[in-house]
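*Asks:* Attaching a single structure in structure tokens format; questions to follow.
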């Protein structure tokens, strides 16, 4: 392993891959690899995750660079798909089929044993709805049906694009456990998500992508550490904003304070200390706090920050 | 073979479900209705002549191309539109097997419509005059043209989302217009392929169809060979596009 973006026993290799659609660059010069275990592909919506996954799966041809799966170009060698299954993000399911028929169809197309159909349905806890048409499924149920269709193929590589979208917390926990189990069995499991907390719960290794570029790679703890350097911005509503602002400016843990239209905009490098000091100061001054909200906590801003640091 | 059968089966359900059939089945009834109303009170010879005018024109120039267009273009077009193309394309299945199964399914589906449309006027003729000779050739001729049309429209459905619009222009400008004006182009006219097959099987038909057939030689063997060639080209071309073109559009 030479960089955190590369692994030694790679099953998927992405080498200087770029993809553009007309004038728009969706993925730019990305080099990374994926091997056995669970890798989270993290990034805000529109960052290029889906395009990268589609290139890895052979749905899109790189405009530049190369992608190989199990040593072959999936665009040229359909045999690769005996070892790769994709769960796409969009509602790419046949509404007129039942869940069981969809999974059976996947088994037939992949040459997998039909005896695995029931097991795949059970693995995603879809038994009760398996014989109902997919057109009547909720988004979460469709997601699980697609995951079951991937599981039945017994593929060595699972590429899952936002598989937890639309699932409820119980289903999410169940799926995360399942993905981890599959990874522990030695499969390459790549899961994309725009929710950091989700990725933290399931992946040991994370690749962060922003604006089509690889922004960070490594274990989750390293990404977290990088994020602690980011100044947090808060919006504070109070009945006496100027009085509160004067006190906060004097406090050591606040780096800047602005007042706009009666609202305080505070930047701090130590959110914990501010969290303790703010209510105490407000109480001391007799200031009534009516709202405290993070202003800049989106993953997008976090990763834009990481990009700027590179 | 298992994948081929599975794709054919699911595509047939995809094509014959929903509202398509509700539109296409009434269309298929039109030639029979025209025959029923138009041949009323005619002699056996008059009815035999009449079936080779309006009813056969409606079958070969309208019903067969439109059914093939709607169903052939949907064979891969629906998968592309609905995002399900990855479900069949990302499988260890040779691309020609995928496109071959798609063509087979759309041909079967369109043949049901074209076959009904071809059979009804022939049944009216047979029931009214006892002349049943055109029945089977009408159905076979329609199926032959359907194979050629389905192959062309499957390619079109994979290339553009406006396949039906482009296909209608092709049918009504090229097939009905230009190939009729320029006799040399009759060889590449898809509806005439089925018509030559039909004419080769029914005594007296070539004389009654001399205007659309022109210099073409009637015969089912030649018609089958041409349709098979076009179908093979359609399968190969679409398979090549599955390998070489992006199978998904821009995404985040």
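The values are calculated or read from the model by the stated rules, or taken from the named source; none is laboratory data. Source: prediction; values computed, not measured. Please note: Cβ atoms are built from the backbone with ideal geometry, for glycine as well, and neighbour counts cover all protein chains shown.
*Asks:* Being at positive phi, part of a loop (DSSP other than H, G, I, E, B) and modelled with pLDDT under 90, is that true of even one residue in segment A:163-172?
*Replies:* Yes; the residues of segment A:163-172 include at least one that is at positive phi, part of a loop (DSSP other than H, G, I, E, B) and modelled with pLDDT under 90.
*Asks:* Mind listing whichever residues of segment A:85-107 are within 7 Å of another protein chain (Cβ to nearest Cβ) and not in a loop (DSSP other than H, G, I, E, B)?
*Replies:* A:86, A:105
*Asks:* Of the conditions (1) surrounded by fewer than 17 Cβ atoms within 10 Å (Cβ to Cβ); (2) more than 14 Å from chain A (Cβ to nearest Cβ); (3) assigned to a helix (DSSP H, G or I), residue B:203 clears all except one; give me its number.
*Replies:* Status for residue B:203: all satisfied but (3).
*Asks:* Restricting segment A:173-200 to residues that are in contact with a strand residue (DSSP E or B) (Cβ under 7 Å, 6 or more places away or on another chain), at pLDDT below 90 and in a helix (DSSP H, G or I), which is farthest from residue A:123 (Cα to Cα)?
*Replies:* Going through the qualifying residues, I end up with A:196.
*Asks:* I'd like to know if segment A:111-119 contains one or more residues that are touching a strand residue (DSSP E or B) at 6+ places or on another chain (Cβ under 8 Å), within 13 Å of chain B (Cβ to nearest Cβ) and modelled with pLDDT under 95.
*Replies:* no
*Asks:* Mind counting the residues in segment B:43-53 that are in a helix (DSSP H, G or I) and either farther than 13 Å from residue B:120 by Cβ or touching a strand residue (DSSP E or B) at 6+ places or on another chain (Cβ under 6 Å) (or both)?
*Replies:* 7
*Asks:* Residue check, residue A:46 against (1) within 19 Å of residue A:194 (Cα to Cα); (2) within 14 Å of chain B (Cβ to nearest Cβ); (3) surrounded by 18 or more Cβ atoms within 10 Å (Cβ to Cβ), all met but one. Which one?
*Replies:* Only one criterion in (1) within 19 Å of residue A:194 (Cα to Cα); (2) within 14 Å of chain B (Cβ to nearest Cβ); (3) surrounded by 18 or more Cβ atoms within 10 Å (Cβ to Cβ) is unmet by residue A:46, namely (3).
*Asks:* For segment A:3-28, give me the residue count where each residue is without any contact (Cβ under 8 Å) to a residue 60 or more places away in the chain, closer than 21 Å to residue A:205 by Cα and in contact with a helix residue (DSSP H, G or I) (Cβ under 9 Å, 6 or more places away or on another chain).
*Replies:* 2
*Asks:* Next up: Filter segment B:14-58 for residues that are buried (at least 16 other Cβ atoms within 10 Å of the Cβ), within 14 Å of chain A (Cβ to nearest Cβ) and either over 26 Å from residue B:141 (Cβ atoms) or modelled with pLDDT of 95 or more (or both) and give the result.
*Replies:* B:14
*Asks:* Hey, another quick one. Taking only segment A:257-276 into account, find how many residues are in contact with a helix residue (DSSP H, G or I) (Cβ under 9 Å, 6 or more places away or on another chain), surrounded by 12 or more Cβ atoms within 10 Å (Cβ to Cβ) and at pLDDT 85 or above.
*Replies:* Qualifying residue count, segment A:257-276: 5.
*Asks:* For segment B:90-106, indicate whether the set of residues that are more than 14 Å from every other protein chain (Cβ to nearest Cβ) and crowded, with 24+ Cβ neighbours inside 10 Å is non-empty.
*Replies:* Yes - at least one qualifying residue is present in segment B:90-106.
*Asks:* Regarding residue A:150, is this residue buried (at least 21 other Cβ atoms within 10 Å of the Cβ) and within 14 Å of chain B (Cβ to nearest Cβ)?
*Replies:* In short, yes.
*Asks:* Please go through (1) within 23 Å of residue B:142 (Cβ to Cβ); (2) more than 20 Å from the chain's Cα centre (by Cα); (3) within 14 Å of chain A (Cβ to nearest Cβ) for residue B:84 and return the number of the only condition it doesn't satisfy.
*Replies:* Of the numbered conditions (1) within 23 Å of residue B:142 (Cβ to Cβ); (2) more than 20 Å from the chain's Cα centre (by Cα); (3) within 14 Å of chain A (Cβ to nearest Cβ), the odd one out for residue B:84 is (1).
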